[in-house]
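K.L.:
Dumping the structure here so I can ask a few things about it.
Nothing in this text is a laboratory measurement; each read-out follows from the coordinates by a stated rule. Because the structure is predicted, anything quoted here is derived from the model rather than measured. Here the Cβ is made from the backbone with ideal geometry for all residues, glycine too, and neighbour counts use every protein chain on show.
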Amino acid sequence: MHQQLVVEKITSILEATDDSYDVKLTELLDSAKRIFISGAGRSKLVGNFFAMRLVHAGYDVSVVGEIVTPSIKAGDLLIIISGSGETEQLIAFTKSAKKIGASIILISAKESSTIGDMADAVFQIGRSEQYGKVFGMPMGTVFELSTLLFLESTVSHIVHEKGIPEEVMRERHANLE
């Protein structure tokens, strides 16, 4: 029962998400010198997953907040993952990156927000009204799982369009595990 509930809800969110986002996001990734990814809480975990997959696909990616993350510069891309677009720490990151001249993308459940107003592009996952309380999927689960699947689908698009063999991706995978 609960598996079906989760699958149906995520499917409805992804069906309501703009079909052109994977192409648009790929273009923005390809035009960036370097990519920085940030989120808070479970959205940060989704961002970590996406960052790892982008590294496997050959992109220069850093996760904001890690001890080895370099400074962001003009020409770089900051991807913020935030369901609300209102997380204070992420607003501060966005302001700093904007002042430096980096491009900003917000991936969010909302079309309009503080971060969205500063972003160069907003990728709204689903529609705002789809994010009411969902029994069995509390506290942001719908956004996080939908975003995870959207981003994994985008990586699938990248791998397919660029013809990146799995063997090449495997060579880029961490080997000190």
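K.L.:
Would you mind putting 159-166, 32-39, 121-128, 88-95 in packing order, based on average other-beta-carbon counts within 10 Å, highest first?
P.N.:
Final packing ranking: 32-39, 121-128, 88-95, 159-166.
K.L.:
Run lengths n ≥ 4 of DSSP H only: what is the helix-derived mean residue ellipticity at 222 nm for the chain, with -39500 (n - 2.57) per run over all residues, to the nearest 500?
P.N.:
About -15500 deg cm²/dmol.
K.L.:
May I pose another question? Of PHE143, TYR21, THR154, which is farthest towards the positive pole of the range 2-172's charge dipole, taken about the Cα centre with +1 and -1 on the beta-carbons of Lys, Arg and Asp, Glu respectively?
P.N.:
With unit charges placed on the Cβ atoms, the residue in question is PHE143.
K.L.:
Next up: For the range 58-99, just list the percent of Cα-Cα distances falling in each 10 Å bin from zero outward, please.
P.N.:
P(r) over the range 58-99, rounded to whole percents: 24, 57, 18, 0.
K.L.:
Viscosity 0.692 mPa s, temperature 37 °C: Stokes-Einstein D of the range 2-172 from its Kirkwood Cα radius, in µm² per second?
P.N.:
D = 202 µm²/s.
K.L.:
Now a separate question. Can I get the semi-axes of the range 64-133's equivalent ellipsoid? Compute them from the C-alpha gyration tensor as square roots of 5 times the eigenvalues, in angstrom, largest first.
P.N.:
Taking √(5λ) for each eigenvalue gives 23, 12, 10 Å, largest first.
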